[in-house]
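Remarks on the structure that follows.
The values are calculated or read from the model by the stated rules, or taken from the named source; none is laboratory data. Computed from a predicted structure; not experimentally measured. Cβ coordinates were reconstructed from backbone atoms using ideal geometry, including for glycine residues, and neighbour counts include every protein chain displayed. Heads up: the accessible areas ignore ligands, DNA and RNA and are worked out on the full protein's heavy atoms, side chains in. Shrake-Rupley method; radii C 1.70, N 1.55, O 1.52, S 1.80 Å.
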Amino acid sequence: MKAMILAAGKGTRVRPITYTIPKPLIPILQKPVMEFLVDLLRRHGFKEIMVNVSHLADEIENYFRDGQRFGVEISYSFEGSIEDGQLIGKALGSAGGMKKIQDFNPFFDDTFVVLCGDALIDLDLSEAVKWHKEKGAIATVVMKSVPKEEVSSYGVVVTDEMDRIRAFQEKPSVEEALSTSINTGIYIFEPEIFDYIPSGCEYDIGSQLFPHLVEIGAPFYGITMDFEWVDIGKVPDYWRAIRSVLLGEVKNVPIPGREVAPGIYTGLNVAVNWDKVHIEGPVYIGGMTRIEDGATIIGPTMIGPSCSICSNSYVSNSVIFEYSRLGRGVRLVDKLVFGRYCVDKLGASIDVQAAALDWLITDARQAVGDPPEEHQAIADILSTS
């Protein structure tokens, strides 16, 4: 069976991570989110996978290649152009990306699945496809029910008593929401769907194709299923995803490494004197990371590989990406550290280099001398505050 993963977006709501990492490669405890999707598709017999790429396309293609080592076949459709020797991405929209592949050579010749490449899911795809076929649908949206107080964060789908989709509401207020079923970005289509998608232009599934299907009365259905779905559409979503995995709330994502103490997992060759640090799980510490004496780490926290956490640092409920160096006395609570950026759990970021704070947070590969006296004094204050 055939499938498509939508991977061409710029991921603007997950910046600064997506400045250098394409959204499908954002790691969930060192494993890219798209790899979980490939695993899911393979388990349900979808072994021919098309991926549309645009922003940082090389990164995605170089990681997954032809899919052989993941037990599937993968090919790519690039959306953009080359200017001055550089790849310039120009996404065609989710439906436009599908249409480009089909116009090149009809690949989707039977029922196929389309997944957005930015969510962790544990869904019985086979059951969803079976339901879709029994309904005689041209298109089916897999939905999930959420508490009514959360509907304003999602696209809401309104269906009738026969499960036909009648309307969509984009992030309605709690009072205006006509349903608690949300669009999860998981779709099942028949090849006839391409009759309704124009060629050679940008065209979106959610905002253009689906409203058109409702308008013409096409056999367009929605199925609500009970499954794990962790969206990473925005920085706060990514934050919650890491927390959920560390807390054991996402069953299909095991914590890597080995458990050296209850709730504390490490990669290879972590340098730490366990008697001289205070660590409360759940915590994951990547390989070749050094934790100096006097450091305190409170979970749920993820520290990537090859980091350096200096003495008397305090890290709580945070996500630290690889090659991060936290200087002596740094206090990080509810923060995400990615390269030169420090981000709070609501998504607001600080460029630590531009703010002249790179003596506190910097690249672990960079040689660092003793800080000036005034910096040292600030660090001492921070470590005791």
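Residues in the range 54-70 that are assigned to a loop (DSSP other than H, G, I, E, B), under 13 Å from LEU6 (Cα atoms) and not small (Gly, Ala, Ser): HIS55 alone.
For the range 5-22, the set of residues classified as over 21 Å from VAL114 (Cα atoms) and open to solvent by less than 10 Å² (accessible area, probe 1.4 Å) consists of VAL14, PRO16, ILE17, THR18, listed by residue number.
Which is of a type outside the set (S, T, N, Q) and open to solvent by less than 20 Å² (accessible area, probe 1.4 Å), of GLY85, GLY136, GLY97, GLY89? Can you show your working first?
Numbers: GLY85 fails: open to solvent by less than 20 Å² (accessible area, probe 1.4 Å); GLY136 fails: open to solvent by less than 20 Å² (accessible area, probe 1.4 Å); GLY89 fails: open to solvent by less than 20 Å² (accessible area, probe 1.4 Å).
Exactly one of GLY85, GLY136, GLY97, GLY89 is of a type outside the set (S, T, N, Q) and open to solvent by less than 20 Å² (accessible area, probe 1.4 Å), namely GLY97.
The criterion of at least 1 residues that are surrounded by fewer than 19 Cβ atoms within 10 Å (Cβ to Cβ) and modelled with pLDDT under 90 is met by the following strands (runs of 3 or more DSSP E) wholly inside the range 163-270: 165-170, 228-231.
Out of GLY71, GLY67, one residue alone is open to solvent by less than 10 Å² (accessible area, probe 1.4 Å), without any contact (Cβ under 8 Å) to a residue 60 or more places away in the chain and closer than 23 Å to PRO254 by Cα. It is GLY67.
Residues of the range 292-323 being without any contact (Cβ under 8 Å) to a residue 60 or more places away in the chain, surrounded by fewer than 23 Cβ atoms within 10 Å (Cβ to Cβ) and part of a strand (DSSP E or B), which ones? Those that are without any contact (Cβ under 8 Å) to a residue 60 or more places away in the chain, surrounded by fewer than 23 Cβ atoms within 10 Å (Cβ to Cβ) and part of a strand (DSSP E or B): THR296, ILE298, SER308, SER316.
Among the residues of the range 80-126, none is identified as among the aromatic types (Phe, Trp, Tyr) and free of Cβ contacts under 8 Å to residues at least 12 places away in the same chain. Go through the range 324-344 and report how many residues are open to solvent by 20 Å² or more (accessible area, probe 1.4 Å) and in a loop (DSSP other than H, G, I, E, B). Counting residues in the range 324-344 that are open to solvent by 20 Å² or more (accessible area, probe 1.4 Å) and in a loop (DSSP other than H, G, I, E, B) gives 4.
Looking at this structure, is GLU48 open to solvent by 10 Å² or more (accessible area, probe 1.4 Å), closer than 16 Å to MET4 by Cβ and acidic (Asp, Glu)?
On the way: open to solvent by 10 Å² or more (accessible area, probe 1.4 Å): yes; closer than 16 Å to MET4 by Cβ: yes; acidic (Asp, Glu): yes.
Yes: the conditions hold for GLU48.
Out of curiosity, is VAL250 in contact (Cβ under 8 Å) with a residue 12 or more places away in the chain and either touching a Lys or Arg at 6+ places or on another chain (Cβ under 9 Å) or within 19 Å of VAL114 (Cα to Cα) (or both)?
On the way: in contact (Cβ under 8 Å) with a residue 12 or more places away in the chain: yes; either touching a Lys or Arg at 6+ places or on another chain (Cβ under 9 Å) or within 19 Å of VAL114 (Cα to Cα) (or both): no.
No.
Checking each residue in the range 102-126 for being of a type in the set (Gly, Ala, Ser), buried (at least 20 other Cβ atoms within 10 Å of the Cβ) and not in a strand (DSSP E or B) picks out only GLY117. Each residue in the range 127-138 was checked for being in contact (Cβ under 8 Å) with a residue 12 or more places away in the chain, more than 28 Å from PRO27 (Cβ to Cβ) and part of a helix (DSSP H, G or I), and 6 of them qualify. Scanning the range 35-46 turns up no residue that is without any contact (Cβ under 8 Å) to a residue 60 or more places away in the chain, under 11 Å from the mean Cα position of the chain (by Cα) and over 19 Å from SER244 (Cβ atoms). Taking each residue of the range 21-33 that is more than 16 Å from GLU61 (Cα to Cα) and looking for partners that are open to solvent by 20 Å² or more (accessible area, probe 1.4 Å) and not hydrophobic (A, V, I, L, M, F, W, C) with beta-carbon atoms closer than 7 Å, six or more apart or interchain, yields LEU29/PRO256; GLN30/PRO256.
Could you look through the range 144-162, keep only residues that are of a type in the set (Asp, Glu) and outside any loop (DSSP other than H, G, I, E, B), and pick out the one that is least open to solvent (accessible area, probe 1.4 Å)?
Here is the first cut: in the range 144-162, the ones of a type in the set (Asp, Glu) are 149-150, 160-161.
Checking the rest, the ones that are also outside any loop (DSSP other than H, G, I, E, B) come to 149-150.
Values: GLU149: 129, GLU150: 77 Å².
Here the answer is GLU150.
When THR184, THR140 are checked against the criterion of being in contact with a His (Cβ under 9 Å, 6 or more places away or on another chain) and of a type in the set (S, T, N, Q), THR140 stands alone in meeting it.
Within the range 209-247, the set of residues being in contact (Cβ under 8 Å) with a residue 40 or more places away in the chain, more than 30 Å from ALA95 (Cα to Cα) and of a type outside the set (A, V, I, L, M) comprises just one member, ARG243. When the range 5-31 is filtered for residues that are touching a Phe, Trp or Tyr at 6+ places or on another chain (Cβ under 7 Å) and either in a helix (DSSP H, G or I) or not β-branched (Val, Ile, Thr) (or both), the ones remaining, listed by number, are VAL14, PRO16, ILE17, LEU25, LEU29. The residues on offer are GLU190, GLU161, GLU202, and the sole one that is of a type outside the set (A, V, I, L, M) and without any contact (Cβ under 8 Å) to a residue 40 or more places away in the chain is GLU161.
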